[in-house]
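Here's the structure we're looking at; comments come further down.
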Amino acid sequence: LACVCDPGYIGSRCDDCASGFFGNPSDFGGSCQPCQCHHNIDTTDPEACDKETGRCLKCLYHTEGDHCQLCQYGYYGDALRQDCRKCVCNYLGTVKEHCNGSDCHCDKATGQCSCLPNVIGQNCDRCAPNTWQLASGTGCGPCNCNAAHSFGPSCNEFTGQCQCMPGFGGRTCSECQELFWGDP
């Protein structure tokens with residue numbers, strides 16, 4: 001004859017903890033408690049949480065930690081709300097110590113990646129104003145446009161070409177334009 005067990009208990013004598021519960025019900029005064037995994041485990045999986053300690057073992061939704069309370073490496077957001085999102089960092093613009101191969105991690109709360117010098121944006125995917133050459137992989141460098149011979153301090157962020165006044169040329173406008181001569 002099998003016993004009808006209370007929620008959280010199983011076994012012919014209700015002396016084991018059910019999936020999603022932990023404890024030692026066979027000890028005097030012992031009981032089964034719900035696993036504290038912040039709804040980030042499959043409570044029907046008997047191996048999702050340690051039957052004796054309650055430590056969460058099979059965290060879901062890109063979470064980790066003894067209670068599935070953190071977002072995994074490379075993810076950000078709120079693990080307690082099942083809201084861990086993948087970090088999206090431009091590898092060329094991100095500090096390499098924050099990357100494992102091309103997989104980079106970001107601020108666990110905001111998703112902000114760690115940008116190299118003069119690199120901006122949550123994903124470290126743009127050069128700061130008046131800088132260029134994200135593709136260098138070491139940060140963006142100054143445009144160095146010739147102040148007297150260019151229309152401003154900004155340049156093309158890929159080629160570094162400044163906007164030169166008529167008659168001037170070269171990347172920084174410090175040379176004569178083709179078919180012009182003189183001392184710039």
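Only strands (runs of 3 or more DSSP E) whose full extent lies in the range 23-103 are considered here, and none of them has at least 3 residues that are in contact with a helix residue (DSSP H, G or I) (Cβ under 9 Å, 6 or more places away or on another chain). As a summary of the residue check, D107 satisfies the conditions (1) part of a loop (DSSP other than H, G, I, E, B); (2) surrounded by 15 or more Cβ atoms within 10 Å (Cβ to Cβ) except for the one numbered (2). Specify the residue that is farthest from C106 (Cα to Cα); the eligible residues are those in the range 45-76 that are surrounded by fewer than 20 Cβ atoms within 10 Å (Cβ to Cβ) and within 15 Å of the chain's Cα centre (by Cα). Top of the filtered list is Y61.
Contact annotation: residue pairs with Cβ atoms under 7 Å, 6 or more positions apart or on different chains, pairing a residue in the range 8-28 that is at negative phi with a partner that is polar (S, T, N, Q) and open to solvent by 50 Å² or more (accessible area, probe 1.4 Å), are D15/S26; S19/T43; S19/T44; F21/Q33; F22/Q33; F22/T53. When the range 77-99 is limited to residues that are polar (S, T, N, Q) and in contact (Cβ under 8 Å) with a residue 40 or more places away in the chain, the one that is surrounded by the most Cβ atoms within 10 Å (Cβ to Cβ) turns out to be N90. Total residues in the range 110-153 satisfying the condition of being open to solvent by less than 70 Å² (accessible area, probe 1.4 Å), under 30 Å from A79 (Cβ atoms) and of a type in the set (S, T, N, Q): the figure is 2. One residue alone among A128, A109, A148 is without any contact (Cβ under 8 Å) to a residue 40 or more places away in the chain, under 30 Å from G20 (Cβ atoms) and aliphatic (A, V, I, L, M), and that residue is A109.
The values are calculated or read from the model by the stated rules, or taken from the named source; none is laboratory data. Everything quoted here is computed from the prediction, not taken from an experiment. A quick note on method: Cβ atoms are made from the backbone with ideal geometry, for glycine too, and the neighbour counts reach across all protein chains shown. These accessible areas exclude ligands, DNA and RNA; they are computed on the full protein's heavy atoms, side chains included. Shrake-Rupley method; radii C 1.70, N 1.55, O 1.52, S 1.80 Å.
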